[in-house]
Amino acid sequence: MTQSKRWTLSAAFLSGALLLASCGGGETPDPQQPEPTSGDARVIMGQIKPKQDAPASVNQDLPTAVNVEALRQSNVPALRDLQAAVDSEGRFTLTLPDAATMNQFEDLQGAGEAFGCFDAAAVTAPKGNQFFVVRYVHGVNNGRDYFNKTDSGAEGEASVKRVRVFAKQDAQVKITPTDTCRISADLNLKAGWNVVEENIGAGNNAVTSYKMTDLPAGNVVFRDTKLFAGSVNKS
């Protein structure tokens, strides 16, 4: 075969390969987005456990599934249908909605409303930013609420819980306690989901404080707050 014929055949082969690629035959699929994992603020990996010293008469049957009750009332199907099955050991993995879906939620709130401070002068936060706080998961079939509590739950002690906070945009949120706003916060929130510690002090005039915290790897313990002595007003 002559040199000119070899060049002609090579060019034809290359043209054919390019044509196949343009028709999709040579496409490389887009890389899949990584699934949320343990340690990701968007993922609630929990295990519902009973309160060890609760009276035997207290019904501690596990729910079959958990959801976020406030999201269930949304008009957005992905929010309304969000739930996670609970296995026989009480374990569940609930992946919270991504930012694009959360931004469709009708009830995102300003910083003061989201954290329970209605004294506008006490709140410093970027204007126009909105938030949503997930304080507990809800038992779909038994109607009970489960919290990721990190305190002992004893009478007269503060109630400490990990909560998830969604921020529409990056936000530095500061709340200074006043006579009409018993809230303290110093939060450097990133756009999307964040892990925040909520500490509800003991006593009638106690201050509830919020600060950034880390999420440990693996399942975290969730318990029904109503099973804790003295916790009726600490949920």
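In region 94-120, what residues are exposed (fewer than 14 other Cβ atoms within 10 Å of the Cβ) and closer than 24 Å to Val221 by Cα?
Those that are exposed (fewer than 14 other Cβ atoms within 10 Å of the Cβ) and closer than 24 Å to Val221 by Cα: none in region 94-120.
Quick one: in region 177-213, which of the residues that are farther than 27 Å from Gln104 by Cα and charged (D, E, K, R) is nearest to the chain's Cα centre (by Cα)?
If we take residues in region 177-213 being farther than 27 Å from Gln104 by Cα and charged (D, E, K, R), then Arg182 is nearest to the chain's Cα centre (by Cα).
If you check Pro77 against the conditions, is it modelled with pLDDT of 95 or more, more than 30 Å from Asp186 (Cβ to Cβ) and open to solvent by 60 Å² or more (accessible area, probe 1.4 Å)?
Here the answer is yes, as Pro77 does meet what is asked.
So which residues in region 186-200 are out of contact with any helix residue (DSSP H, G or I) (no Cβ under 6 Å at 6 or more places or on another chain) and either surrounded by 15 or more Cβ atoms within 10 Å (Cβ to Cβ) or in a loop (DSSP other than H, G, I, E, B) (or both)?
Leu187, Leu189, Lys190, Ala191, Trp193, Asn194, Val195, Val196, Glu197, Glu198, Asn199, Ile200, listed by residue number.
Determine which member of the set Asp119, Asp98 is touching a Cys at 6+ places or on another chain (Cβ under 7 Å) and not polar (S, T, N, Q).
Being touching a Cys at 6+ places or on another chain (Cβ under 7 Å) and not polar (S, T, N, Q) holds for just one of Asp119, Asp98, which is Asp119.
Only one residue in Val165, Val137, Val173, Val123 is open to solvent by 10 Å² or more (accessible area, probe 1.4 Å), touching a residue at least 12 places away in the same chain (Cβ under 8 Å) and either out of contact with any helix residue (DSSP H, G or I) (no Cβ under 9 Å at 6 or more places or on another chain) or on the phi < 0 side of the Ramachandran plot (or both). Which one?
Val123
Say we look at region 201-228 and pick out the residues that are assigned to a loop (DSSP other than H, G, I, E, B) and within 22 Å of Ala41 (Cα to Cα); which of these is modelled with the highest pLDDT?
Thr213
Check every one of the helices (runs of 4 or more DSSP H) wholly within region 60-113 and list those with 1 or more residues that are in contact with a helix residue (DSSP H, G or I) (Cβ under 9 Å, 6 or more places away or on another chain) and either closer than 23 Å to Gln47 by Cα or without any contact (Cβ under 8 Å) to a residue 12 or more places away in the chain (or both).
Result: 69-72, 77-80.
Inspect all residues belonging to region 141-160 and state whether any of them is open to solvent by 40 Å² or more (accessible area, probe 1.4 Å), within 27 Å of Phe92 (Cβ to Cβ) and modelled with pLDDT of 95 or more.
no
The values are calculated or read from the model by the stated rules, or taken from the named source; none is laboratory data. Keep in mind that what you see is a predicted model, and the values were worked out from it rather than measured. Ideal geometry is used to build each Cβ from the backbone, glycine not excepted, and the neighbour counts take in all protein chains shown. Calculation scope for accessible area: heavy atoms of the full protein, side chains included, ligands and nucleic acids excluded. Shrake-Rupley method; radii C 1.70, N 1.55, O 1.52, S 1.80 Å.
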